[in-house]
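**Student:** My questions all concern the structure below.
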Amino acid sequence: MKKTSAPEQTPLCIFGTGDLGFSLGRRLLQSGYRVVYGSRRPHSCGPLPPGTQVCAQSANLVFICIHRENYGFLETLLPELRGKVLVDVSNNLKKNQYPEANAEYLQRLVPGAHVVKGFNTLSAWALQNGPSDANRQVYLCGNSAEAKQTVAETATKLGFTVLDRGSLSAARELEDFPLQLFPEWRMPLRLAVGLTAFFFFYLLIRDVIYAYVEQQKDISFRIMVSLANKVFPIVSLIMLSLCYLPGVIAALLQLYRGTKYKRFPDWLDRWMLCRKQLGLVALAFASLHVLYTLLIPIRYYVRYKVAASTISQIKENRTSEFDTAIAWRTDSYYSVGILGFGLYLLLGITSLPSVSNALSWREFSFIQSKLGYVTLLFCTLHTYLYGWNKFLRPSTYKWYTPPGYMLSLIVPTVVLVVKLLLLLPCVDRTLTRIRQGWERTDPEDGCEKSLLA
């Protein structure tokens, strides 16, 4: 085969001609590298990217794109691989499949080489089509700083961002990355499932079972739409408020401690790291609420009730008077809800990597923080307008239990009230100074510092 690269250029070698090896070689060729393939069966390895060679000769940088169980043939190449940089891109089918990481096993198998773990978190598709916002990062770890630098330069030329995770002992952690299934989504999804199940059964008891026991009415058909359309906005509002509650708690901790240099508790750190996922799940529930609301006019139950009411008024020869107060309440309720959902969508759109990368930090912070609290305010006000004066009616408290919307207002109301207190000039001024590096010194600490001076 003809060489398409400059003959004086040092080649890069790839052991393995599968999907990952093929895609990696193609990407390297597009970036101007000279690629050499090493295969146990050079005459039966299938089609390769044009411009490559098929051989088992050594190169300065060698990518090991084969499974761990096939590493044995590398022992026959110990002299050729001495001093070379071997990039292990392998993964396992499950965690703790082997007593040691694949990269550590490779280093023990080829002690004269410098093994670097990397590129294992990328798919063949990402390598072939180039980096995108979702898979732009390449994690590296290895015992040789020079070897990692060599691999990092190659990854950078391919368009990826390199993150150094330290020595080769971190290889097992890197190999576990592709096996994780939505690790950042676990807590938000569990919380969403828990809240949905709780409020579903809570409202099922209050609405459906109560009507059957106390009024001998079978309204079980309302489970599918009416009950669901109560659960979705309740869960959405609570989860939206939980996005901003950790920020409020963090501010209170900083005010209490008088410094920003003390670490937050681990549970608060984990909570703050999954705020984006909490918000997106909340947006999903809000979208379901909107869709279910649009179904209301075409439901059989609603059409039947409207028709029955109209016929009843005709028979009795009466007309319901127009209530301006109810008109104001319903129009305000719908208007505030639409504005809240519009801001909801804006928050969701700006959380997308392709959009957030185009924003400056100040712009992103303004949308996610300032407009985020405005969104929470609109959605909370939307719920208050829904309840209006129902809390004054004894019939609202079936079996002495408050309606679901009242329970959903607890967390967002607390968040908004505390945030309003934090915005008071005397409090906000102190909090701003703390976040700029100022520390409140205790009298005892001041005496100790003066004595030391």
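**Student:** Conditions first: (1) out of contact with any Gly (no Cβ under 6 Å at 6 or more places or on another chain); (2) in contact (Cβ under 8 Å) with a residue 60 or more places away in the chain; (3) among the aliphatic types (A, V, I, L, M). LEU283 passes all but one, so which condition is the exception?
**Tutor:** Going through the list (1) out of contact with any Gly (no Cβ under 6 Å at 6 or more places or on another chain); (2) in contact (Cβ under 8 Å) with a residue 60 or more places away in the chain; (3) among the aliphatic types (A, V, I, L, M), LEU283 breaks only (1).
**Student:** If you don't mind, there's one more thing I want to ask. Just one of PHE232, PHE264 is under 21 Å from the mean Cα position of the chain (by Cα), of a type outside the set (D, E, K, R) and part of a loop (DSSP other than H, G, I, E, B); which is it?
**Tutor:** On the way: PHE232 fails: part of a loop (DSSP other than H, G, I, E, B).
Answer to the selection: PHE264.
**Student:** Follow-up question, since we're still on this one. Quick check on my filter: what residues within region 19-44 are touching a strand residue (DSSP E or B) at 6+ places or on another chain (Cβ under 7 Å) and either modelled with pLDDT under 80 or not in a loop (DSSP other than H, G, I, E, B) (or both)?
**Tutor:** Matches in region 19-44: GLY21, LEU24, GLY25, LEU28, LEU29, VAL35, VAL36, TYR37, GLY38, SER39, PRO42.
**Student:** Checking the condition within 30 Å of TYR98 (Cβ to Cβ) and open to solvent by 30 Å² or more (accessible area, probe 1.4 Å), which residue from ARG186, ARG275 passes? If you could, list the steps in order and put the result at the bottom.
**Tutor:** Numbers: ARG275 fails: within 30 Å of TYR98 (Cβ to Cβ).
When all the criteria are applied, what remains is ARG186.
**Student:** For region 134-226, please list each of the helices (runs of 4 or more DSSP H) lying entirely inside it that holds at least 1 residues being β-branched (Val, Ile, Thr). First the steps, then the outcome.
**Tutor:** Values: elements: 145-157, 171-176, 186-203, 210-214.
Of the helices (runs of 4 or more DSSP H) lying wholly inside region 134-226, those with at least 1 residues that are β-branched (Val, Ile, Thr) span 145-157, 186-203, 210-214.
**Student:** Let me ask something else about it. Based on what the data block shows, is LEU339 open to solvent by 80 Å² or more (accessible area, probe 1.4 Å), in the same structural domain as THR383 (by the TED database), more than 24 Å from LEU195 (Cβ to Cβ) and touching a helix residue (DSSP H, G or I) at 6+ places or on another chain (Cβ under 7 Å)? Spell out the reasoning first.
**Tutor:** On the way: open to solvent by 80 Å² or more (accessible area, probe 1.4 Å): yes; in the same structural domain as THR383 (by the TED database): yes; more than 24 Å from LEU195 (Cβ to Cβ): yes; touching a helix residue (DSSP H, G or I) at 6+ places or on another chain (Cβ under 7 Å): yes.
When the stated conditions are applied, LEU339 passes them.
**Student:** So for region 207-219 (the condition being basic (Lys, Arg), open to solvent by 90 Å² or more (accessible area, probe 1.4 Å) and closer than 17 Å to LYS276 by Cα), does at least one residue qualify? First the steps, then the outcome.
**Tutor:** Filtering region 207-219 down to residues basic (Lys, Arg) leaves 217.
Imposing the further condition that a residue be open to solvent by 90 Å² or more (accessible area, probe 1.4 Å) reduces the set to 217.
Cutting the leftovers down to closer than 17 Å to LYS276 by Cα gives us none.
So far as region 207-219 goes, no, none of its residues is basic (Lys, Arg), open to solvent by 90 Å² or more (accessible area, probe 1.4 Å) and closer than 17 Å to LYS276 by Cα.
**Student:** Out of all the residues in region 306-350, which are in a helix (DSSP H, G or I) and among the charged types (D, E, K, R)?
**Tutor:** Going residue by residue through region 306-350, those that are in a helix (DSSP H, G or I) are 306-316, 324-350.
Those that are in a helix (DSSP H, G or I) and among the charged types (D, E, K, R): LYS315, GLU316, ARG329, ASP331.
**Student:** Whether any residue in region 236-257 is modelled with pLDDT under 95, open to solvent by 50 Å² or more (accessible area, probe 1.4 Å) and not in a helix (DSSP H, G or I) is what I want to check.
**Tutor:** No - not one qualifying residue is present in region 236-257.
**Student:** Go over the candidates ALA147, ALA197 one by one and state the one that is of a type in the set (A, V, I, L, M, F, W, C) and open to solvent by 30 Å² or more (accessible area, probe 1.4 Å).
**Tutor:** On the way: ALA147 fails: open to solvent by 30 Å² or more (accessible area, probe 1.4 Å).
Selected residue: ALA197, the only one of ALA147, ALA197 that is of a type in the set (A, V, I, L, M, F, W, C) and open to solvent by 30 Å² or more (accessible area, probe 1.4 Å).
**Student:** Spot the failing condition for VAL355; the list is (1) over 21 Å from the mean Cα position of the chain (by Cα); (2) surrounded by 13 or more Cβ atoms within 10 Å (Cβ to Cβ), and only one is missed.
**Tutor:** The number of the failed condition is (1).
**Student:** Any residue at all in region 8-18 that's of a type in the set (Val, Ile, Thr), surrounded by fewer than 21 Cβ atoms within 10 Å (Cβ to Cβ) and either outside the structural domain of SER123 (by the TED database) or at pLDDT below 85 (or both)? Steps first, answer last, please.
**Tutor:** Filtering region 8-18 for residues of a type in the set (Val, Ile, Thr) gives 10, 14, 17.
Okay, now just the ones that are also surrounded by fewer than 21 Cβ atoms within 10 Å (Cβ to Cβ), so 10.
Within this subset, residues satisfying the condition of being either outside the structural domain of SER123 (by the TED database) or at pLDDT below 85 (or both) are 10.
Checking region 8-18: at least one residue is of a type in the set (Val, Ile, Thr), surrounded by fewer than 21 Cβ atoms within 10 Å (Cβ to Cβ) and either outside the structural domain of SER123 (by the TED database) or at pLDDT below 85 (or both).
**Student:** Still on this structure, I have one more. Can you confirm whether VAL302 is at pLDDT 95 or above, β-branched (Val, Ile, Thr) and surrounded by 12 or more Cβ atoms within 10 Å (Cβ to Cβ)? Even if it seems obvious, please write down each step before you answer.
**Tutor:** Values: at pLDDT 95 or above: no; β-branched (Val, Ile, Thr): yes; surrounded by 12 or more Cβ atoms within 10 Å (Cβ to Cβ): yes.
Judged against the criteria, VAL302 is not a match.
**Student:** From LEU109, LEU127, LEU174, which residue is in contact with a strand residue (DSSP E or B) (Cβ under 7 Å, 6 or more places away or on another chain) and either buried (at least 19 other Cβ atoms within 10 Å of the Cβ) or assigned by the TED database to the domain that holds ARG34 (or both)?
**Tutor:** Numbers: LEU109 fails: in contact with a strand residue (DSSP E or B) (Cβ under 7 Å, 6 or more places away or on another chain); LEU127 fails: in contact with a strand residue (DSSP E or B) (Cβ under 7 Å, 6 or more places away or on another chain).
After applying the criteria, what remains is LEU174.
The values are calculated or read from the model by the stated rules, or taken from the named source; none is laboratory data. This structure is a prediction, so every number in the text was calculated from the model and none was measured. Glycine also receives a Cβ, built like all others from the backbone with ideal geometry; neighbour counts cover every protein chain displayed. When the accessible area is computed, the model is the full protein with side chains, heavy atoms only, and any ligands, DNA or RNA have been set aside. Shrake-Rupley method; radii C 1.70, N 1.55, O 1.52, S 1.80 Å.
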